[in-house]
Number of protein chains: 4
Amino acid sequence: MKQLKADLRQFTKDRNWEQFHSPKNLAMALSVEVAELVEIFQWKTGDEKLTSSEYLNLRDEIGDIQIYLTMLADKFNLCPIEMAKAKLEKNKIKHPIDDNKFNKSI
Amino acid sequence: MKQLKADLRQFTKDRNWEQFHSPKNLAMALSVEVAELVEIFQWKTGDEKLTSSEYLNLRDEIGDIQIYLTMLADKFNLCPIEMAKAKLEKNKIKHPIDDNKFNKSI
Amino acid sequence: MKQLKADLRQFTKDRNWEQFHSPKNLAMALSVEVAELVEIFQWKTGDEKLTSSEYLNLRDEIGDIQIYLTMLADKFNLCPIEMAKAKLEKNKIKHPIDDNKFNKSI
Amino acid sequence: MKQLKADLRQFTKDRNWEQFHSPKNLAMALSVEVAELVEIFQWKTGDEKLTSSEYLNLRDEIGDIQIYLTMLADKFNLCPIEMAKAKLEKNKIKHPIDDNKFNKSI
């Protein structure tokens, strides 16, 4: 993750794209990438497999989402992995193991 | 990341939530979390700062997005960080350093 | 629709909200409202019914989406209903009746 | 709107697509179309105009969003325009004219 952050900073700097990467714009870009991922599963029924082209597309979309999430978090000096760990601890308290019948969402 | 994946698997298993976590449902959940992040920046103007409550909210939303992205990737035995690195290499080829005036998006 | 447009203009003007309603911000707001609608169906299985509180929520979210869509279209002097009719004609050509096995999306 | 509903029902029936159009799937499709609209405005700065190709794209996306919103609402025998009117009345009560400094969102 540390390496990814450094690489993304360099990538953005080399192209002079800092001007476009406001947190607001990065949040929008993230939502667009997530929709491209949703599109893959949009009409799938329960047990339907991905085609190989959909699978390659999935790999790219997961990459794009991780890229924009990391860039956005980096704007606030945050690490997404650390945020996930902290949120998971909160979720464990919010949804105790024996009392989770009706709350499926984190 | 390896630790996060293991923790998420255990969290899901302990609550018997595997039944809800189809890739399709995880993609939808991801899009909902991203929208909650977009909501933070929705009405902000260029240089407007986050309030401290918005900042705490941002930390949680980044965590939630990383959690669902990791869960979804794990369904396909993929690591989001590895996918981001691979996608970044593709982006470097797609957007060479000297030829990027009109293509701001990755 | 004509009445709705006029009412929305008046609503926005009375509150001095034109300053926030750039097309970009309205598009973001629309995406947030759609995610709130997606949230209702997120963990539903095929034949699961909405609860009455989910149904009331659905009515509000459909209303919010129509409101923001109308506001955004109005910024460009467009009518969403007219755009839908025009797009439906294009879809009919794109997806002829006898040749639609693999293309479910419009 | 009544005509649009009838046309959409016929369009779906002619292609035997009712099987794909669960409310859940329609909500996902709606979110994908909205992201395509967000994409148009994603990197725009305050006063930047749309190109003519972006404008044509905008017209299509507004049409697609209205189509899926109408289809989804129709699944519950609801009219999106009526829902918008009802929600606007609620918004007027929630945001009285003189007390709206800090609440920009509906």
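Take the Cβ atoms of D:Ile97 and D:Lys75, set R0 to 35 Å, and the FRET efficiency comes out at 0.45.
Solvent-accessible surface of segment C:13-106, taken per residue with a 1.4 Å probe and all protein chains present: 46 Å². Taken residue by residue and averaged, Cβ atoms of other chains lying within 10 Å of the Cβ of C:87-96 number 4. Chain A residue nearest the rotation axis toward B, with distance: A:Val34, 2 (Cβ to axis, whole Å).
Counting Cβ atoms of other protein chains within 10 Å of each Cβ in C:12-18 and taking the mean gives 4. Between copies, D:Asn16 shows label-point distances of 3.9, 5.7, 6.1 nm, shortest first, with the point placed 7 angstrom from Cα along Cα to C-beta.
Between identical copies, the spacing of B:Asp47 label points, each set 7 Å from Cα toward the C-beta atom, reads 1.7, 6.0, 6.1 nm from nearest to farthest. Taking the square roots of 5 times each eigenvalue of the Cα gyration tensor of chain D, largest first, gives ellipsoid semi-axes of 28, 23, 12 Å. The equivalent ellipsoid that matches the C-alpha gyration tensor of the protein assembly as shown spans semi-axes of 32, 26, 24 angstrom, in descending order. Its DSSP H runs of at least 4 residues, each contributing -39,500 (n - 2.57), put the calculated 222 nm mean residue ellipticity of chain D at -22500 deg cm²/dmol, to the nearest 500.
Accessible area of the protein assembly as shown with a 1.4 Å probe: how many percent of it is carbon plus sulfur? Show your work: numbers first, answer last.
Working: 10050 of 20200 Å².
The C+S portion of the solvent-accessible surface of the protein assembly as shown is 50 percent.
When accessible surface is computed with a 1.4 Å probe, chains D and C are found to bury approximately 5400 Å² between them, both chains counted.
Largest first, what is the accessible-area ranking of D:Phe41, D:Phe76 with a 1.4 Å probe? Write out the running numbers ahead of the final one.
Numbers: D:Phe41 10, D:Phe76 50 Å².
Reading off the accessible areas and sorting them downward yields D:Phe76, D:Phe41.
Helices that extend 27 Å or more along their long axis by alpha-carbon positions and average at least -1.0 on the Kyte-Doolittle scale are, among the DSSP H runs of chain A, A:23-41, A:52-75.
Assuming a ≥ b ≥ c are the square roots of the Cα gyration tensor eigenvalues, decide whether segment A:56-99 counts as rounded (a/c under 1.5), prolate (otherwise, with a/b larger than b/c) or oblate. Walk me through the numbers on the way to the answer.
On the way: a/c = 4.94, a/b = 1.59, b/c = 3.11.
Because a/c hits 1.5 or more and a/b fails to exceed b/c, segment A:56-99 counts as oblate.
Projecting label points 7 angstrom from Cα along Cα→Cβ for A:Asn16 and C:Glu54 puts them 5.2 nm apart. Spatially close Lys pairs in chain A, defined by Cα atoms under 13 Å apart and a spacing of eight or more places or different chains, total 5. Each copy carries a label point for B:Ile93 at 7 Å from Cα toward Cβ; from one copy, the others' points are 3.6, 4.7, 5.9 nm away, ordered from shortest.
Counting only protein chain heavy atoms and rolling a 1.4 Å probe, the accessible areas of B:Met1, A:Met28 rank, largest first, as B:Met1, A:Met28.
The values are calculated or read from the model by the stated rules, or taken from the named source; none is laboratory data. Keep in mind that this is a model prediction, so the values were computed, not measured. As a convention, Cβ positions derive from the backbone with ideal geometry for all residues, glycine included, and neighbour counts pool all protein chains shown. Each accessible area value is taken on the protein alone, full model and side chains, heavy atoms only, with ligands, DNA and RNA left out. Shrake-Rupley method; radii C 1.70, N 1.55, O 1.52, S 1.80 Å.
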